[in-house]
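Structure record follows, encoded as structure tokens.
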Amino acid sequence: MRRAVVAELLGSLLLSAAVIGSGIMAERLAGGNAAIALLANTGATVAALAVLIATLGPLSGAHFNPAVSFIAALRGELPMGRAAGFALLQCSGCCLGAILAHSMFDLSPVGLSTHVRTGGAQWISEVVATAGLVWVAFSAPSIASAAWRVPAWIGAAYWFTASTSFANPAITLARSLSDTFSGIRPMDVPGFVAAQLIGALLGYGLLRALSPRRVHA
């Protein structure tokens, strides 16, 4: 359990630092080209997520996401109390990751975002991104499989959703602390988190509907 706690905290911290840090670097180097900046941000996020799942997955399941831990609890794979503890660790780790990213780029530790992300299209996008994430993650037959399936989904959803696929309440909270390329206004966080939780439940429904039925002798 101690190793699982460390894994979830460390994985969330490093994932957040990768998402926000690569966004800062991408924005600085892209010369105002938003498409190039998003492409760089996507590549770094996908690579970091793949490595973190493969490395830390055997220790904790590599959730790094309260929505994923919540669904794991609904599936009976994790006690609800432990899922709540994981969620606290994930939110704390992601916020620390934002501070780390800022420190690496010589920015103030915390800068509340002014990046507007709200409205029906954004919320629908988060429902779709999170539902797909839950479905893909729990459909994977092994950690090794999840280590490429999950990043592939997130990388694709960066581009086919209007919200650029946050799909994670902890990351959403952390991004509100960064007034950079990856940021989101604090006032827009509740709408995103609500959409993500709805998406997680839809993903759970997909899992139940599409799972092979057990044949009883």
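What does the charge count near GLY76 come to, summing +1 for each Lys or Arg and -1 for each Asp or Glu among other residues with Cβ under 13 Å from its Cβ?
Values: positive: ARG75, ARG82, ARG208; negative: GLU77.
Here the count lands on +2.
Just order 13-26, 94-107 by mean Cβ neighbour count inside 10 Å, highest at the front, would you? Walk me through the intermediate numbers first.
Numbers: 13-26: 24.6, 94-107: 19.6.
Listed from highest to lowest mean packing, they are 13-26, 94-107.
Which angle between 0 and 90 degrees, to the nearest 10, do you get for helix 120-139 versus the longest principal axis of the chain when only C-alpha atoms count?
The angle comes out near 50 degrees.
How would you rank ARG82, ARG117, ARG75, going from fewest to most other Cβ atoms within 10 Å of each one's own Cβ?
Values: ARG82 15, ARG117 24, ARG75 12.
With the fewest neighbours first, ARG82, ARG117, ARG75 line up as ARG75, ARG82, ARG117.
So what is the calculated 222 nm ellipticity per residue for the chain, using -39500 (n - 2.57) for each DSSP H run with n of 4 or more, over all residues, to the nearest 500 deg cm²/dmol? Could you put the intermediate results ahead of the total?
On the way: 8 runs with 156 residues, N = 217.
The helix-only estimate for the chain comes to -24500 deg cm²/dmol at 222 nm.
With r defined as the distance between the Cβ atoms of THR114 and PHE160 and R0 fixed at 22 Å, what FRET efficiency is calculated, to the nearest 0.05?
Values: r = 26 Å, r/R0 = 1.17.
The pair THR114/PHE160 has a calculated efficiency of 0.30.
Quote the relative contact order of the stretch 2-210 in percent (integer), defining contacts as alpha-carbon pairs under 8 Å separated by 6+ residues. Don't jump to the answer; show the numbers that get you there.
Values: 377 pairs, mean separation 60.2, N = 209.
It comes to 29 percent, rounded to a whole number.
Going highest first, how would you order 41-50, 169-178 by mean Cβ packing within 10 Å? Could the numbers behind the result be given before it?
Working: 41-50: 20.0, 169-178: 27.5.
Going by the mean number of other Cβ atoms within 10 Å, highest first, we get 169-178, 41-50.
May I ask for the net charge around THR164, where only other residues with Cβ less than 12 Å from the Cβ of THR164 are counted and Lys, Arg are +1 while Asp, Glu are -1? Could you put the intermediate results ahead of the total?
Numbers: positive: ARG117, ARG175; negative: GLU126.
In short, +1.
Give the shape of the stretch 92-176 as rounded, prolate or oblate, defined through the alpha-carbon gyration tensor: a ≥ b ≥ c are the square roots of its eigenvalues, a/c under 1.5 means rounded, and otherwise the shape is prolate if a/b is larger than b/c and oblate if not. Don't skip to the end; give the middle numbers.
Working: a/c = 2.57, a/b = 1.40, b/c = 1.84.
It comes out oblate by the Cα gyration axes.
Based on the alpha-carbon gyration tensor of the chain and its eigenvalue square roots a ≥ b ≥ c, which shape applies: rounded if a/c is under 1.5, prolate if not and a/b is larger than b/c, or oblate?
Numbers: a/c = 1.73, a/b = 1.49, b/c = 1.16.
Prolate is the answer for the chain, as a/c is 1.5 or above and a/b outweighs b/c.
Along the stretch 41-54, what does the Karplus equation 6.51 cos²θ - 1.76 cosθ + 1.60 (θ = phi - 60°) give for ³J(HN,Hα), rounded to whole Hz, x for Gly and Pro?
4, 4, x, 5, 5, 4, 5, 5, 5, 4, 5, 5, 5, 5
Quick one: Karplus J couplings for the stretch 160-174, per residue in order, coefficients 6.51, -1.76, 1.60, θ = phi - 60°, nearest Hz, x for Gly and Pro?
9, 10, 5, 8, 6, 6, 5, 6, 6, x, 5, 5, 4, 4, 5
At what distance in nm do the modelled label points of ILE36 and SER142 sit from each other, each positioned 7 Å from its Cα along Cα→Cβ?
For ILE36 paired with SER142, the spin-label model returns 4.1 nm.
Can you tally the net charge around LEU112? Count Lys and Arg as +1, Asp and Glu as -1, for every other residue whose Cβ sits under 9 Å from the Cβ of LEU112.
Numbers: positive: ARG185; negative: ASP179.
That sum, taken over residues with Cβ under 9 Å, equals 0.
All of the numbers you see were taken from the coordinates with simple rules; none came from a lab. It should be emphasised that the depicted structure is a prediction, and the values quoted were computed from it without experimental measurement. We place every Cβ from the backbone using ideal geometry, glycine too, and count neighbours over all the protein chains shown.
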